[in-house]
Amino acid sequence: MDTILMRRTCAVILMIMMGITAASPAEQEASSQVAFIAAQPASHQASSQISPNSFQPRADLAGWDLRDMDLSGMNLSQSTLAGADLRGANISYSDLEEADARACNFSMAQMMGSNLVAVNLIGSNLSGANLTSARLDQSRLSEAALQGADLDGASLEAANLSRSHMDGASMRGAFLRRSTLRGSTLSGADLSGASLVGANLIDCNMSEAVLTGADVSEARAAGANFQGANLSRCIMHFTNLSSVNLSGSDLSESVLDASGLVGSDLCGANLTGAKLTGAWAYQADLSAVTAVGADFKGAQLNDTDLSGSDLRDADLTDASLSGADLSRAKLEGTRLYRADLTSAIVRDTSFIRASLLGARLNWADLRETELLSCQFARAELFGANLGGSDLSGSDFTRAYLTRANLSGCKLSPATVDHADFTGADLSGADLREDVFYKCQLDDADLSMADLTRSNLHSMTMTGTAFSRASLRSAVIERATFDDADFGGADLRGAAFYLASLQNTNLSGCDLRGANLTAVVLKDVDMRDANLEGIRYDDATLGFLAGLDLSRAKIDANLRKDLEELGSPAIP
């Protein structure tokens, strides 16, 4: 039949060449078939020549046009498909294990549940492809295009996706353990619940990506970009996030235990309820972060910028914040037990009800800070600057404030039992009604401080300055002063019980109505002091009689008692 058709076709052609126009019906049919075949594209010609036997393991399909073909369920393992066009093809549940599919075009292809283990897909186009539940373990996808692809539930263990383009891809619940995505772009991709344990994410771009509930533990992501990404409830144990951009990202309730965030940018990130126990974040930028209730126990935050951050109710127990910037931070209810804030900047910060028990704030800058009702018991504040701060209601029991600057601060009311203020500057401080029990105040400066109705009990003070301070109605009991300076102080109504003042300056003091019962006064300067109405016992009177009171102001009763004792230096 084919031979007859060919003869008729040749006859038709010969007639045309000879100018003969008449032709039989059979010859006209043959001519039309030839014209139809000649008019078809080469690709359709190729497709018409494809035999079902072409699709088998180790088949050579390189460069073939397989667009929109149904290849579902076929076994093409170890086949060669390099450069083939499979746009819109159906390869669902097919087996292409170890196939060579370099530079193939799989865009919009249906590849659900297909076996692509160890397939070479370098430089291939899989944009918009459906790879739901597909297996791509150990496959090579470097520089591949997967924009908008659906990889939900797919397995890509140890796959190489370096420098691939996966913007907007969906990879929910995907398994990417030990995969390589170095230098890849996944901007806006959805990796919710995905497993990226041990993955290589170095220099990867995941800006605006969704990784809610994903596991990125032990992954390497140095230099990656997660700006604006959703990492809420993400698990990142021992993850290397050094020099990573996490600014504006959502890390709420995420777990970053022992992760590395050295030099990373988390400016404006949401860390509410996040867990960063033992995290390393040296010189990181955590400015303006929201970390309410976050867990930073044992975290290394040295030289970190936490300015303007919200750390309310956060736990920074044993955290290291040496040199950190906490200016303008909110620390209400924050736990800083045994935290190290040496040389930290904590200016204009709110520390309401914060716990700094045993914390180290040596040389820290806490000027103009609110430290209301805070716990500073056994805290170290050597050389700390608290000038102008509000410390009212705080507990400094057994705290070390040696050489600290507390000038102009408000410490009323406050608990300062057994506190060490040696060499501290308390000039102009508000210390009204405070109880200084067994405190160390050697060489401390309390000039112009307000100690009205305060209590100084069981203390030994050497070189302490109270010049021009107000100690009205103060109670000074079992206290010893040596080389102290009360020059110009207001001691009206003050009560001295079993006190000792040696080599002390009381010149210009106002002691009207003061009680000097059982007080030792040796080498005391009383020039221009006002002693009118003071109360004293015989022991105190004996010491007064041995002082030079020639320039002091005394009342008639004291004059009479001194004269009876034969005091030589009375006015």
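Where a number appears in this text, it was derived from the coordinates with a stated rule and is not lab data. These numbers come from a predicted model, not from an experiment. Note that we place each Cβ from the backbone using ideal geometry, even for glycine, and neighbour counts take in every protein chain shown.
Points to keep in mind about this one:
- About the Cα centre, charge dipole magnitude for region 245-355 (Lys/Arg +1, Asp/Glu -1 at Cβ), debye: 300
- Rounded to the nearest angstrom and listed largest first, the equivalent-ellipsoid semi-axes of region 423-505 from its Cα gyration tensor are 15, 14, 12.
- By the count of neighbouring beta-carbon atoms within 10 Å, fewest first, Cys439, Cys104 end up ordered Cys439, Cys104.
- Positive contributions from Lys and Arg (+1) and negative ones from Asp and Glu (-1), summed over other residues with Cβ under 10 Å from the Cβ of Thr402, come out at -3.
- For region 291-342 and region 222-279, distance of Cα centres in Å: 16
- Each residue in Ser458, Ser412 was given a count of other beta-carbon atoms within 10 angstrom of its own, and listing them fewest first yields Ser458, Ser412.
- Among the listed pairs Lys297/Lys330; Lys410/Lys553; Lys297/Lys410, a Cα-Cα separation exceeding 23 Å is found for Lys410/Lys553; Lys297/Lys410.
- Region 160-198-region 85-112 distance, computed between alpha-carbon centres (Å): 19
- Surrounding net charge for Ala189, when Lys and Arg each add one and Asp and Glu each subtract one, Cβ distance under 12 Å: -4
- Virtual spin-label span in nm between Asn557 and Arg478, 7 Å along Cα→Cβ: 2.8
- Averaging over all projection directions, the Cα-based convex hull of region 245-355 occupies 5.0 nm² in the image plane.
- Per residue, the average separation of C-alpha pairs within less than 8 Å and at least 6 apart gives the chain a relative contact order of 4 percent.
- Mean-position separation - Cα centroids, region 451-502 and region 356-392, in angstrom: 25
- With all pairs of separate Cα atoms included, region 297-341 yields a Kirkwood hydrodynamic radius of 10.1 Å.
- Gyration tensor over alpha-carbon atoms, the chain, equivalent ellipsoid semi-axes in Å: 94, 17, 14
- Charged neighbours of Asp203, selected by a Cβ distance under 12 Å, balance to +3 (K, R count +1; D, E count -1).
- Per-residue Cβ neighbour counts within 10 Å put Arg140, Arg559 in the sequence Arg559, Arg140, beginning with the fewest.
- Cα-based helix-to-principal-axis angle, 25-39 vs the chain, degrees rounded to 10: 20
- The chain - charge dipole about Cα centre, Lys and Arg +1 at Cβ, Asp and Glu -1, debye rounded to 20: 680
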